[in-house]
Amino acid sequence: MRKQLLLLLMFACSLSSAIAQKSAVSKDLALTPPMGWNTWNKFACNVSEELVRGMAEAMVKSGMKDAGYQYVVIDDCWQVSRDANANIVADPQRFPSGIKALADYVHSLGLKFGIYSDAGSKTCAGRPGGLGHEYQDALQYAAWDVDYLKYDWCNTTTQDAKASYANIRQALDASGRPILLSICEWGTAKPWLWGKEVGGNLWRTTGDIQDRWAGKQKWPGGDCCSNGMLAIVDEQVGLESYAGPGHWNDPDMLEVGNGGMTTTEYQAHFSLWALLAAPLIAGNDLRSMTPEIHDILTNKEVIAIDQDPLGREGRRVWKDGDLEVWGKQLKNGDRAVILLNRGSSQHEIAVTWEQIGYPAHVSAAVRNLWTHKDLGKFTERFSATVASHGAVMVTVRP
Ligand code: GLA
């Protein structure tokens, strides 16, 4: 009896470790939130090797690479069919040189290469999905030298989300190549509860982002939604503790520079994503950025908050109507703080030391991360006038 119990226990343990955990090959991926660029937000299905090459070149020339952006990711619509052996086939018109050549080119620029598929029978745009081909596709991606896989959740009918993503992680690991796994399940089955266990490096927490300040819209089928930037921010509240090195909440890709928000609003969008330790995946045309957009995306002081090695996701520490204070603990003990004004007129907003975990009597140096200026030393609190739809972002150093 005892022997049977022991055997049962051993079986249960090996099963759970089989479901869970990245193998050694993917263990150290995404120790800070991944940074890169993805085709979807600006180009949707209009993808091609020319576009991806151009964007990879622009990532280097614009200084984005130097600022930390690394992954160049092709989203949906690169794939058209499966061949007689069920191998996935890239669109021969749009990718005439093939995916491997494109990955090689991206790598030759010192960048990393990512691709997209779907856990169901078809992708969201109706292209062939990965269901039933997980190991075959993983081998193909590894042979193409793919570094990053975004795996979507359309057309999955009765599939179990946790099991499906565990399966693709195991398939990727079995290929022997370290491939970062981006779980794109829109938060439906609460991936923050199991994403880390199945070896996901990031998981979407919401429906798709829309290039606007606020609001929410139902998808045509009525399922879920497209979200304005602030609707997404609100959905992050309460999820903070699930994020950490190697496994991040993903409030979706950046819309900075796509035209639907003002520069002030984009600055707030970028500030909030950094404070949330969100993946910073740009989605604008890097070949033709205005200087203002360039300066937002490459603000190294703000990026450093996102990439802080402690890996804490920041949180909202105060709210009164349209006025909010957000704080994030950094590895060196400093705090990053955002004073956010959602309202339609400018307003004074204060952060108190108590809200960010310091005793009131402490004297702390405040630095503005957008004007790059030291503002002096303050005790008890710091306040600033914040523009309508704006964010003042500072560090507080005792
Ligand atoms: C879903 C995802 C998006 C994008 C599209 C592609 O909507 O959430 O990020 O990948 O599919 O079809």
Looking only at segment 172-215, how many residues end up being β-branched (V, I, T) and away from the ligand (no atom under 16 Å from the Cβ)?
2
The lone condition A161 fails out of (1) out of contact with any helix residue (DSSP H, G or I) (no Cβ under 8 Å at 6 or more places or on another chain); (2) within 15 Å of the ligand (Cβ to nearest atom) is (1)
Among (1) part of a loop (DSSP other than H, G, I, E, B); (2) crowded, with 19+ Cβ neighbours inside 10 Å, R177 falls short only on (2)
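Every residue, every condition in (1) in contact (Cβ under 8 Å) with a residue 12 or more places away in the chain; (2) of a type in the set (A, V, I, L, M); (3) not assigned by TED's automatic domain parsing to the domain that holds D173, yes or no:
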residue	(1), (2), (3)
S97	yes, no, no
L102	yes, yes, no
S108	no, no, no
F113	yes, no, no
K122	yes, no, no
H133	yes, no, no
D137	yes, no, no
W144	yes, no, no
D147	yes, no, no
Looking at (1) within 16 Å of H372 (Cβ to Cβ); (2) in contact (Cβ under 8 Å) with a residue 24 or more places away in the chain; (3) not β-branched (V, I, T), which one does Q329 not meet, given that it meets all the others?
(1)
Within segment 118-132, is even one residue in contact with a Phe, Trp or Tyr (Cβ under 9 Å, 6 or more places away or on another chain), buried (at least 24 other Cβ atoms within 10 Å of the Cβ) and not in a loop (DSSP other than H, G, I, E, B)?
yes
Every residue in segment 43-83 that is of a type in the set (A, V, I, L, M) and within 16 Å of the ligand (Cβ to nearest atom), please.
A44, V47, L51, V52, V72, V73, I74, V80
Among the residues of segment 226-235, are any away from the ligand (no atom under 15 Å from the Cβ), more than 20 Å from Q329 (Cα to Cα) and either over 18 Å from the mean Cα position of the chain (by Cα) or of a type in the set (D, E) (or both)?
no
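Condition check ((1) under 20 Å from the mean Cα position of the chain (by Cα); (2) among the hydroxyl-bearing types (S, T, Y)) across all residues:
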residue: K122; (1), (2): no, no
residue: Q136; (1), (2): no, no
residue: V146; (1), (2): yes, no
residue: Y151; (1), (2): yes, yes
residue: K162; (1), (2): yes, no
residue: D173; (1), (2): no, no
Filter segment 84-128 for residues that are within 16 Å of the ligand (Cβ to nearest atom) and of a type in the set (S, T, Y); the one that is farthest from A161 (Cα to Cα) is Y116
Does Q140 count as away from the ligand (no atom under 16 Å from the Cβ), within 25 Å of the chain's Cα centre (by Cα) and over 22 Å from I281 (Cβ atoms)?
yes
Lone unmet requirement of (1) of a type in the set (A, V, I, L, M); (2) within 16 Å of the ligand (Cβ to nearest atom); (3) part of a helix (DSSP H, G or I) for A166:
(2)
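The values are calculated or read from the model by the stated rules, or taken from the named source; none is laboratory data. Source: prediction; values computed, not measured. A quick note on method: Cβ atoms are made from the backbone with ideal geometry, for glycine too, and the neighbour counts reach across all protein chains shown.
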